[in-house]
Amino acid sequence: MSDNISGGHHASSQLDEASQVDLEKRNFLIASSTVGALGCAAAAVPFVLSMTPSERAKAAGAPVEVDITKIAPGTMITVEWRGKPVWIINRTAEMTAELPKHDDQLTDPGCEVVSQQPEYCKNKDRSIKPNLAVVVGICTHLGCSPSAKLQPKGDMGDNWMGGFFCPCHGSKFDLAGRVFKGSPAPVNLVVPPHKYLTENTLLIGVDTEDKA
Ligand code: FES
């Protein structure tokens, strides 16, 4: 699971130095560890317990830089920020097109009742880039880590349009982290402060200056 924090501080310098062979190995490792992270989330293990003391200290307050080029469309990675799991979900065009279609099933579709996101993410995609959702992966009920159920239907049933399911008490969230009605979680998942340093580099923990 800790490998999955590979989107952090050291990723870009390591990539600069790596040979092509190493790059291929790295891509494989990232892909493998992403699957591992989803497994951990399914078991609802508190994320912070998996960290070493030095990792905890390092994560205490620093912004986290993430290379977003390795997140294939329709998949996600989990990085750590201030001891919390933060999901970065690369939604396909089909996934974002679905978002406004189920507003009537959500507790707070417009994200207006309780503000759980920066102003610059208060839009229909709940994100800066339409495809990339950045969400704190902690259930707003009692703090479990919901499981990714990104694809429609499957074991969530024919009406499922993709999102997250909290195994502790059954809360459901869509691919923008908005909570479905009937869930014990009262409010949407939190969108943390973030900005894009370049087209391919995300910084979690620092607000976008442009509040548009
Ligand atoms: S902690 Fe997620 S539903 Fe209770």
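Laboratory data are not the source of any read-out in this text; all were calculated from the coordinates shown. These figures come from a predicted structure and were not determined experimentally.
Whole-Hz ³J(HN,Hα) for each residue in segment 193-198, computed from phi via Karplus 6.51 cos²θ - 1.76 cosθ + 1.60 with θ = phi - 60°, x for glycine and proline: what do you get?
So the J values, rounded to whole Hz, are x, 7, 8, 9, 6, 9.
Explain nothing, just compute: Karplus ³J(HN,Hα) = 6.51 cos²θ - 1.76 cosθ + 1.60, θ = phi - 60°, for every residue of segment 107-115 in order, whole Hz, x for Gly and Pro.
Along segment 107-115, the couplings run 5, 9, x, x, 6, 10, 5, 10, 6 Hz.
What full-extension length gain, to one decimal in nm, is calculated for Thr52 and Phe180 as 0.36 nm per residue of separation minus the Cα-Cα distance?
Length difference between fully extended and current span is 42.6 nm.
Can you list residues whose amide H is under 5 Å from Val190's amide H, if they're 5+ apart or on another chain and H is modeled 1.01 Å from N?
When sequence neighbours closer than 5 places are left aside, the close amide H contacts are Val136, Ile138.
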